[in-house]
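Working notes, beginning with the structure itself.
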Amino acid sequence: MPKILLCFPEGRHKALTMSYDDGMIADRRLVSTFNRYGIKGTFHLNSGLFGTGNRLTEQEAAVLYTGHEVSAHTLTHPTIARCPKEQIVYEIMEDRKGLERLVGYTVRGISYPNGSFNQEIKQMLPALGIEYARVVQTTGGFSMPDDWHEWKPSCHHNDQLIEKTETFIGLHKSQYLYLMYVWGHSYEFDNDDNWELIERFCELAGGRENIWYATNIQIVDYMNAYNQLKFSAGLDFVYNPSAQSVWINVDGRIVEVKGGSQMGFS
């Protein structure tokens, strides 16, 4: 019987994703930096607050985040654990509607505004079309989440980012899957006058062939596709009923299982 391990796309065992909230004008510089180094981000936006304060307008947001993911952050950013269920439903669904009109695809993720959530809210999210939710508590490590609706990042960008990045880059044991997940707010780089921090991070982490650069939803979709694989009882073939390819390691050999195909391992 073969030994089979899940891989990230192209057989990689490391992935990097970024998560930034609120849609402030400082996202212009952050997105430009990400684009320069091939790093992918997820941007959690409040569609009811566009154009207020230092926030981007709808028109600019529709263009700026091309190639990245736009995700929900509620319509007006309330502390939702203190809100009635009816308001929570309204805040999430109206935010989704506004963002989907803007970007033209289904918005399926959220970051909790003010980091506010509880178990009841988590249980509501699947019925509202939300497949993952990021929290502000961090792990300090590089493990995959065990609860997509309480997705804990590795670190905030002000929490020893360069040291953690160097550790992540040095990870080499391919029997593990490693995910580095960084979160924050782009305006913090203005407030702290430390744009050189994210520049240095991107120089270190970007452009590496052994890292998969992905948005939050791309990671969710990939893991869902893997979980849909139908392995034979003897592990001598597998069927992939999803549309996207999934990569697995079969006795040390990297195998692409293409969407809609069945593949034997002999």
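The values are calculated or read from the model by the stated rules, or taken from the named source; none is laboratory data. Source: prediction; values computed, not measured. Here the Cβ is made from the backbone with ideal geometry for all residues, glycine too, and neighbour counts use every protein chain on show.
Every residue, every condition in (1) outside the structural domain of Leu204 (by TED's automatic domain parsing); (2) charged (D, E, K, R); (3) surrounded by 15 or more Cβ atoms within 10 Å (Cβ to Cβ), yes or no:
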site: Thr76; (1), (2), (3): no, no, yes
site: Tyr90; (1), (2), (3): no, no, yes
site: Gln119; (1), (2), (3): no, no, no
site: Leu125; (1), (2), (3): no, no, yes
site: Tyr132; (1), (2), (3): no, no, yes
site: Lys152; (1), (2), (3): no, yes, yes
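For segment 54-65, state whether one or more residues are crowded, with 17+ Cβ neighbours inside 10 Å, in the same structural domain as His149 (by TED's automatic domain parsing) and within 28 Å of Phe168 (Cβ to Cβ).
Yes, segment 54-65 has at least one match.
If you check Met18, Met1, which single one turns out to be in a strand (DSSP E or B), outside the structural domain of Val250 (by TED's automatic domain parsing) and in contact (Cβ under 8 Å) with a residue 60 or more places away in the chain?
Met18
Taking Thr66 as the residue in question, decide whether it is modelled with pLDDT of 95 or more, farther than 21 Å from Gly207 by Cα and out of contact with any Gly (no Cβ under 6 Å at 6 or more places or on another chain).
no
One line per residue, one yes/no per condition, for (1) modelled with pLDDT of 95 or more; (2) over 23 Å from Ala26 (Cα atoms); (3) surrounded by 14 or more Cβ atoms within 10 Å (Cβ to Cβ):
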{"site": "Glu163", "(1), (2), (3)": "yes, yes, no"}
{"site": "His172", "(1), (2), (3)": "no, yes, no"}
{"site": "Trp195", "(1), (2), (3)": "yes, no, yes"}
{"site": "Leu204", "(1), (2), (3)": "yes, no, yes"}
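In segment 6-37, what residues are within 30 Å of Met263 (Cβ to Cβ) and either surrounded by fewer than 17 Cβ atoms within 10 Å (Cβ to Cβ) or small (Gly, Ala, Ser) (or both)?
Listed by number, the residues that qualify are Leu6, Pro9, Glu10, Gly11, Ala15.
Report, by residue number, each residue of segment 254-266 that is over 19 Å from Trp212 (Cβ atoms) and assigned to a strand (DSSP E or B). Please lay out each step first, then the result.
Initial filter on segment 254-266 (over 19 Å from Trp212 (Cβ atoms)): 260-266.
If the condition is that a residue be over 19 Å from Trp212 (Cβ atoms) and assigned to a strand (DSSP E or B), then Gln262, Met263, Gly264 are the ones that fit.
Which count do you get for residues in segment 73-87 that are closer than 15 Å to Ala127 by Cα and within 22 Å of the chain's Cα centre (by Cα)?
Going through segment 73-87 one residue at a time, the tally reaches 0.
Go through segment 38-50 and report how many residues are surrounded by 17 or more Cβ atoms within 10 Å (Cβ to Cβ) and closer than 17 Å to Thr215 by Cβ. Steps first, please.
At the first step, the residues of segment 38-50 found to be surrounded by 17 or more Cβ atoms within 10 Å (Cβ to Cβ) are 39-47, 49-50.
Among the residues that remain, those that are also closer than 17 Å to Thr215 by Cβ are: 39-45.
Counting residues in segment 38-50 that are surrounded by 17 or more Cβ atoms within 10 Å (Cβ to Cβ) and closer than 17 Å to Thr215 by Cβ gives 7.
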